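Notes follow the structure.
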Amino acid sequence: MHETLSSLVARAFTGNRRPLEYYLRDQSRLPGTRANLELVNSLSNLLMAIVPEQPEQVWMLIHFLIRDEKTAERNTPDEFVVLCGVVAFGACASVRTEWRTDVFEMMKTFACSKSWRVREGVAMALQRLLPVIPQETIEFLKELATKGNCFQQRASIAAIAEPSLLQDQVMIYAALTIQRFVLERLHELSTADRKCEDVRVLRQTLGYTLSVVTAATPEQGFALMSDCAKWQDTDINWILRENLKKKRLAKFVEHTEKVSKLLAKR
């Protein structure tokens with residue numbers, strides 16, 4: 001795969017970008033249930049390795065890949081090409097300091113895509129940035145969590161709720177704080193607002209991200225869950241119950257039983 005991609009990217013830099021696009025489309029595994037994420041990561045890694053010497057060519061190529069973001073149909077090869085571009089932007093911005101402001105702004109837009117795969121691509125792109133520039137990326141995620149719309153909030157919690165990233169106290173504390181911000185904002189929404197699609201997507205994501213963060217910091221995570229259980233909020237209660245079902249929390253029997261008892265009282 002690497003040799004094929006290298007050859008196609010080299011051709012793309014000469015102005016012949018269609019062969020690379022056709023290859024991505026052909027190997028996308030879409031329509032289908034699982035896109036070819038190995039290919040997504042291989043392309044982003046290749047471009048990240050090339051971008052220090054050829055930043056302009058990489059920048060133009062990635063813009064070519066994302067050009068149809070607004071028109072690409074879901075679960076199609078076209079959607080996959082956009083996904084590749086979104087993740088590549090995150091990977092390359094981890095190397096090109098001067099790209100970061102623009103890429104963060106792009107991620108705000110892509111986070112609101114009609115395509116769930118593109119929205120997931122935003123989380124993947126931000127996960128490429130978190131280990132490299134943690135504080136800068138954390139501040140961006142906090143901005144999305146506190147000021148963004150529901151789709152952008154979704155990006156903030158999905159990006160940082162990744163077990164491999166939650167290995168130090170700075171990242172863990174940031175993840176817990178971002179979860180709290182988003183839960184509090186959801187709790188404040190009116191009944192009418194909660195019927196919207198973006199809120200439904202956010203709620204579904206909260207249905208697993210809270211348990212990921214709680215597994216990394218059980219005392220603080222379950223304390224947050226207990227606080228939320230006291231709000232008497234139907235949607236929040238659903239989120240808590242979904243997280244309590246996750247296997248990653250199964251060993252914390254005393255904590256899960258405490259939260260379950262609080263929910264049973266409602």
Discussion item. Just to be sure before I move on: is Val122 surrounded by 15 or more Cβ atoms within 10 Å (Cβ to Cβ), closer than 28 Å to Glu73 by Cα and not acidic (Asp, Glu) in the structure I sent?
Written reply: yes
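Table: residues versus (1) over 18 Å from the mean Cα position of the chain (by Cα); (2) more than 24 Å from Gln135 (Cα to Cα).
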{"position": "Val182", "(1), (2)": "no, no"}
{"position": "Lys195", "(1), (2)": "yes, yes"}
{"position": "Asp198", "(1), (2)": "no, yes"}
{"position": "Gly207", "(1), (2)": "no, yes"}
{"position": "Leu224", "(1), (2)": "yes, no"}
{"position": "Arg248", "(1), (2)": "yes, yes"}
{"position": "Lys251", "(1), (2)": "yes, yes"}
Worksheet, complete the sentence: Every listed condition ((1) over 24 Å from Ser156 (Cβ atoms); (2) surrounded by 15 or more Cβ atoms within 10 Å (Cβ to Cβ); (3) modelled with pLDDT under 95) holds for Pro77 save (3)
Discussion item. Looking at region 227-251, I want the residues that are within 19 Å of Leu202 (Cβ to Cβ) and have a partner that is basic (Lys, Arg) and part of a helix (DSSP H, G or I) with Cβ atoms under 8 Å, at least 6 apart or on another chain. Which pairs are those?
Written reply: Asp235/Arg194; Asp235/Arg203; Trp238/Arg203; Ile239/Arg203
Practice prompt. Within region 20-48, track down each residue that is surrounded by fewer than 13 Cβ atoms within 10 Å (Cβ to Cβ) and part of a helix (DSSP H, G or I).
Written response: Asp26, Glu38
Item to complete: Give me a count of the residues in region 185-239 that are within 18 Å of Ile160 (Cα to Cα), among the hydroxyl-bearing types (Ser, Thr, Tyr) and surrounded by fewer than 17 Cβ atoms within 10 Å (Cβ to Cβ).
Response: 0
Item to complete: Answer yes or no as to whether Met48 is within 22 Å of Phe110 (Cα to Cα) and either touching a His at 6+ places or on another chain (Cβ under 7 Å) or touching a residue at least 40 places away in the same chain (Cβ under 8 Å) (or both).
Response: yes
Discussion item. For region 186-213, give me each residue that is among the charged types (D, E, K, R) and under 15 Å from Ser115 (Cα atoms).
Written reply: Glu197, Asp198, Arg200
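Looking only at region 85-94, decide whether some residue is out of contact with any helix residue (DSSP H, G or I) (no Cβ under 8 Å at 6 or more places or on another chain) and over 30 Å from Asp168 (Cβ atoms).
Our first condition is that a residue be out of contact with any helix residue (DSSP H, G or I) (no Cβ under 8 Å at 6 or more places or on another chain); within region 85-94, this holds for none.
There is no residue in region 85-94 that is out of contact with any helix residue (DSSP H, G or I) (no Cβ under 8 Å at 6 or more places or on another chain) and over 30 Å from Asp168 (Cβ atoms).
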Worksheet item: Applying the selection to region 90-111, what residues are of a type outside the set (Lys, Arg) and touching a Gly at 6+ places or on another chain (Cβ under 9 Å)?
Response: Gly90, Val103, Met107, Phe110, Ala111
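The values are calculated or read from the model by the stated rules, or taken from the named source; none is laboratory data. This is a predicted model, so every value here is computed, not measured. Backbone-built Cβ (ideal geometry, glycine too); neighbour counts: all protein chains shown.
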